[in-house]
Every structure is written in C-alpha cells, then in structure tokens.
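Notes to accompany the following structure.
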Amino acid sequence: MNRSASLTTLCAVVLGLSAAVTATAGVLEFEDKEEWLAVIGAFVTVDFTGFKPGTVITDQYADLGVLFADGFYTIFPFDPISFPNDGWGLDGNGNITVVFDTPMAYIAVDYAGHMHFELYRGGVLIYESSDFLPGGVGNFAGLLSSEPFDMAVLMDVPPPDQAAIDDLHFGPPDCPADLDGDDSVGILDLLALLAAWGSDPAGPPDFDGDGTVGILDLLTLLANWGPC
C-alpha cells in the first residue's frame, strides 16, 4: 500500500473513533545559555532598550507576538551590573506575566536575582519549574517544553518577591503538528486533533489560525506525517 493510500485508510478508521488525548508537558531546564541555544530553533529576543526609565511596558512588543499583562512592569534605568547585556531591564514589581499570541515551545531569560517559571496553556498550569538561583553576573534560565504554552509567569524565589529580567527570549515549536512532543507526527497527534475538532484551542491543532479545528488543519497534519 502506498503512503497516500495508507493515510487515507488511517483517517477513515480514526474518524470513526471517539478519543481524547491529554498531554503532560515534558520540560528541559537549562542554566547554561549555550546549551539552551544548541537545542532550540529560531527565537525572538525582547531587550527592553529604547524606552525612558520608568516606562510601563504592556503592549509595546505586540508586533513580536508578546504582551506583558497587569500593566505595572517598568523599565530599569541604565544598570550594567544587574543587566550586563545592554544595561537595560524590566522591573516586574512582583511577578511578570507574559502572554503570547501563538503557542511557544521555549522561553528563557537573562535575569538578576532568582527566577522561577510557571507555564500555562489555555489558562491551565502545565509546568512549574525548579528555582533558578543566583549564579553571578549574567544569570540565565531557559526551558524547552514538549507541550506548547501560551502564557508564562516569571517570578522571584520565593514569590511574590520582585522579579527582574534583562532580556526575554522565546520561540514556537519547530514541528507544530507534533502535538504529543515525540518528534514525529503520527496517530496520537491525529487523535488529539480529532478530539479538538470544531473547537478553538487558540493554537495547534488549529494550524491555519481560523479559530476552529477543521479539515484544513487535518490536511496540514497529514502533510507533515512522519518524523519531524
């Protein structure tokens, strides 16, 4: 049986099933920036430069796909000791909540002090990190998650102490059709898509971003069938 025919047969069988797949995030944690960079794909960096000290940061980086919720995070003035990348940073005045317009797979910060992450998907907590403690100038904390997340809360240790970050880095999954994070697109991913059929998950498996999981999303998944 050829590849196309086998996939057609598989779809016909699976469409007759009723299934729900619940994914549990598998997350790798990194304290070494070079190691984190070696295992991720393309990413975006927010460096908080170009603003006056004390500027409140909310939606200034919306064009990069990220919002800073709550509306009371402010720009630190030039401080090359706490923020050695470029001297500028963000004072969370408590926890820092970042919301992404599409699900992300990895996130990292250069930070001053301590760092602790909570990752959310659709308002549900999917992962709570270890406590990243001070390691000298240029502290780094990074995560790589097998389950995409659309919100992250960054906090000092213990919360709700004041969190402060130098730069924020984040990026999307390298293989968005791989819904269960096993580095291939297969039957479990197809079952997850079918379980979400007709819903609006605010991300994969709504691959075309039209607000509904439907036939175009199914075709996208099938087009990416096999190893990532």
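Taken together, the values in this text are just the output of simple stated rules run on the coordinates, not laboratory data. Source: prediction; values computed, not measured. All Cβ positions, glycine included, derive from the backbone under ideal geometry; neighbour counts span all protein chains shown.
Just add up the charged neighbours of Met104: K/R +1, D/E -1, any other residue whose Cβ is under 11 Å from the Cβ of Met104. Cβ neighbours under 11 Å give a net charge of -2. Over the range 27-171, Cα pairs under 8 Å with separation of 6+ residues give a relative contact order of 33 percent.
Would any residue of the range 77-118 have its amide N under 12 Å from a label point 7 Å out along Cα→Cβ of Val157? List them or say none. Once the point is set 7 Å along Cα→Cβ of Val157, 113-117 turn out to lie under 12 Å by backbone N, inside the range 77-118.
Were the residues from Asp174 through Thr45 laid out at 0.36 nm apart, the gain over their Cα-Cα distance would be 44.7 nm. If each DSSP helix of 4+ residues adds -39,500 (n - 2.57) and the sum is divided by the residues in the chain, what number results at 222 nm, nearest 500 deg cm²/dmol? The helix contribution divided over the chain gives -4500 deg cm²/dmol. When Met151, Met104 are arranged by Cβ crowding within 10 Å, least crowded first, meaning fewest neighbours, the order is Met151, Met104. In percent, rounded to a whole number, the relative contact order of the range 83-167 is 49, using alpha-carbon pairs under 8 Å and six or more apart.
Counting neighbouring Cβ atoms within 10 Å and putting the fewest first, the residues Cys228, Cys175 line up as Cys228, Cys175. The length gained on full extension between Ser130 and Ser199, counted as 0.36 nm times the residue separation minus their Cα-Cα distance, comes to 21.5 nm.
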